[in-house]
1. With the condition being under 9 Å from the mean Cα position of the chain (by Cα), I'd like the helices (runs of 4 or more DSSP H) fully within the stretch 1-86 carrying at least 1 qualifying residues.
2. Hey, does the stretch 67-76 have a residue that's over 21 Å from residue 3 (Cβ atoms) and at pLDDT 95 or above?
3. Tally time: how many residues in the stretch 74-83 are touching a helix residue (DSSP H, G or I) at 6+ places or on another chain (Cβ under 6 Å) and over 15 Å from residue 111 (Cβ atoms)?
4. Of all residues in the stretch 87-105, how many are surrounded by 16 or more Cβ atoms within 10 Å (Cβ to Cβ) and not in a helix (DSSP H, G or I)?
5. Taking residue 58 and the conditions (1) buried (at least 19 other Cβ atoms within 10 Å of the Cβ); (2) within 18 Å of residue 116 (Cα to Cα), which numbered condition does it fall short on, given that it satisfies the others?
6. What are the pairs with Cβ atoms under 8 angstrom where one residue, in the stretch 85-103, is more than 18 Å from residue 44 (Cα to Cα) and the other, located anywhere, is assigned to a loop (DSSP other than H, G, I, E, B)? Sequence gap at least six, or different chains.
C-alpha cells in the first residue's frame, strides 16, 4: 500500500466527495425540514469516510478491515435512506439513482480494497516483528556485560 495518510486513499476521497453531495442535497427544501432523515443520512455518509480514516490510523490490517466493513455497511445505509427520500419526493428519481450508483461503486471499491488487504503480506505497522539477534550476538552481549561486572567488582 503506497498511501502514507488516509487522505491519500481513493476510497476516502470518494467518500468525502459523496458526503459533501449528501450535505448539499439535504440542506434545502423538504429534505432539510425532515430532521430525522436528514441527520441520519448525514451521519451515515460521515460514517463511511470516518471509518476509513479511523481504520487506516489503527495501523493493523485486521482492525482496518473491521472498520472498512463498517464503512461498507454505512454505504448501504445511505442507499436505503436515499430510497426513503425519493419515496417522500425529497429528491428526483434520476438524482437518487445517480447517488445510489455512486455509493454502490464506493462499496465495491471498499470491498476490493478489503480483498487486497486479506492477500497482502504486509499486516500493518503495529505487527512489524522486532529485529532478532543471532545467538552469537546475544552471547557476545552477555560476555560484555559479564566483563563489565567483573571490572566493577559486582561478580
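1. Fully inside the stretch 1-86 and qualifying: 10-25, 35-57.
2. Within the stretch 67-76, one or more residues are over 21 Å from residue 3 (Cβ atoms) and at pLDDT 95 or above.
3. Matching residues across the stretch 74-83 total 4.
4. So the answer is 2.
5. Only one criterion is unmet by residue 58, namely (1).
6. Qualifying pairs under 8 Å: 88/34.
One line per residue, one yes/no per condition, for (1) closer than 19 Å to residue 105 by Cα; (2) surrounded by 13 or more Cβ atoms within 10 Å (Cβ to Cβ); (3) without any contact (Cβ under 8 Å) to a residue 60 or more places away in the chain; (4) in contact with a strand residue (DSSP E or B) (Cβ under 6 Å, 6 or more places away or on another chain):
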| residue | (1), (2), (3), (4) |
| --- | --- |
| 14 | yes, yes, no, no |
| 27 | no, no, yes, no |
| 31 | no, yes, no, no |
| 72 | yes, yes, yes, no |
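The values are calculated or read from the model by the stated rules, or taken from the named source; none is laboratory data. Fair warning: this is a prediction, and the values are worked out from it, not measured in the lab. Using ideal geometry, Cβ is built from the backbone for each residue, glycine included, and neighbour counts are taken over all protein chains shown.
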